[in-house]
Structure formats: C-alpha cells, structure tokens
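**Q** My questions all concern the structure below.
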Amino acid sequence: MSSERGQKWPIWRLVLVLEWIALLIGLAMPITPSKTGGDFSFADWFFDDPHYLQEVLVYFLLTNLFIGILALIALVIIRRENRRGGTED
C-alpha cells in the first residue's frame with residue numbers, strides 16, 4: 001500500500017488551498033459584523049456605500065495580504081534556521 005504521509009504537496013496545491021481559504025474568509029467577513037452588532041468595514045475606506053461583493057473583494061485582498069505577510073515571516077525564519085544549521089534530523 002502506498003502512503004501519502006511522507007510526501008510533500010506540490011506548491012500549486014498549497015496555493016490553491018490557501019486561496020480557497022482566503023475566499024471563504026472573504027465571503028464570511030461581510031456577514032459577521034452585522035450579526036455581532038458592529039458597523040465597521042474596511043470596504044468603507046475604498047468604496048462609498050459598498051455592496052456585498054465589493055466587501056468580499058476587500059476582505060479577500062486583505063486576507064491574501066495577511067497570508068503573504070505570514071509566508072514572508074515563515075520564509076525568513078526558515079532561511080535563518082537553515083543558515084545556522086538548525087536541521088538536526
């Protein structure tokens with residue numbers, strides 16, 4: 001039997017999963033403030049009286065920005081550990 005436990009995912013599959021997650025977050029974020037009583041929206045900074053899809057676009061882009069920042073931090077940490085010789089496997 002073949003096991004996928006030790007195999008790495010291709011980069012395109014990781015990007016696809018991350019973009020799917022960002023889209024789901026973007027779709028959910030415009031709904032949640034109205035359910036919790038908040039009236040703040042990042043889309044108000046870019047659009048006058050934004051519609052639902054405009055809010056989804058803004059939250060999708062913000063989520064991608066946060067994912068990019070986290071990926072950059074992870075890349076810096078990984079490169080610093082590799083430079084030190086931190087792999088002890």
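**Q** Quick check: from the Cα gyration tensor, does segment 44-89 come out rounded (a/c under 1.5), prolate or oblate?
**A** Prolate.
**Q** Return the inverse of the average 1/r over all pairs of distinct C-alpha atoms in segment 11-84, which is the Kirkwood hydrodynamic radius, in Å to one decimal.
**A** Roughly 14.0 Å, rounded to one decimal.
**Q** Sticking with the crude label model, points 7 Å out along Cα→Cβ, report the distance from V15 to N82 in nm, one decimal please.
**A** My value for the distance between the label points is 1.8 nm.
**Q** Ordered by residue, what ³J(HN,Hα) values in Hz, to whole numbers, does segment 56-62 give under the Karplus form 6.51 cos²θ - 1.76 cosθ + 1.60, where θ = phi - 60° and Gly and Pro are x?
**A** Once rounded to whole Hz, the list reads 4, 4, 5, 5, 5, 5, 5.
Each value in this text was obtained by applying a stated rule to the coordinates, not by laboratory testing. Predicted model, so just to flag it, every value in this text is computed and none were measured. Ideal geometry is used to build each Cβ from the backbone, glycine not excepted, and the neighbour counts take in all protein chains shown.
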